[in-house]
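Reviewing the structure listed below.
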Amino acid sequence: MPITHSTAAPPRERPQRVPAGLLTGYPTLRQAARMIGVNASSLSRQKLPVEHAGREDRLAPRLVLELASHYRRRDEYEVGGALVDYALAHAPDHVEEIEAEIEHYFRETSQRDAPLDTARFLADARRHLPPALYAKVESACQTSRD
């Protein structure tokens, strides 16, 4: 039986997760790579969770910041500023939402950069290291405190 208009399956629309207006404030792969300081091919080779906008793939601000943290080419706060600048230029009505995403990322990751609790570190080291190696670690920690 030939497939006709009436028997053909309806085209499958992928549900868009991000509203179109907000999506224009998300950078493309190439723009995100420039913000991070890497080649676009470094990002395009990865299986990244992209947002599709027509023929362009866009990256959520959080993902761009995570990539910046991974590659360590540019400071995360500098990349966050570039994301806000991009949003101001391309989606001025959605800048607050993008800023909120960026601030949420920095709040979540602030503990990651917290100073190390030396006493807790040494207690863990004592449990896991051979005595001779622990003595060297303890000595190094004492020297760095002085």
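Overview of results
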item	result
The stretch 49-92, residues that are among the aliphatic types (A, V, I, L, M) and under 14 Å from ARG34 (Cβ atoms)	LEU59, VAL64, LEU67, ALA68, VAL79, ALA82, LEU83, ALA89
ARG145 being assigned by TED's automatic domain parsing to the domain that holds VAL38 and either at pLDDT 95 or above or more than 24 Å from LEU23 (Cα to Cα) (or both)	no
Hey, ARG107 in the same structural domain as SER42 (by TED's automatic domain parsing), without any contact (Cβ under 8 Å) to a residue 12 or more places away in the chain and within 14 Å of the chain's Cα centre (by Cα) or not	yes
GLU51 under 18 Å from THR28 (Cα atoms), in the same structural domain as ALA32 (by TED's automatic domain parsing), surrounded by 15 or more Cβ atoms within 10 Å (Cβ to Cβ) and of a type in the set (Asp, Glu)	yes
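The values are calculated or read from the model by the stated rules, or taken from the named source; none is laboratory data. Just so you know, these numbers come straight off a predicted model, no measurement behind them. Here Cβ is always computed from backbone atoms with ideal geometry, including for glycine, and neighbour counts include all displayed protein chains.
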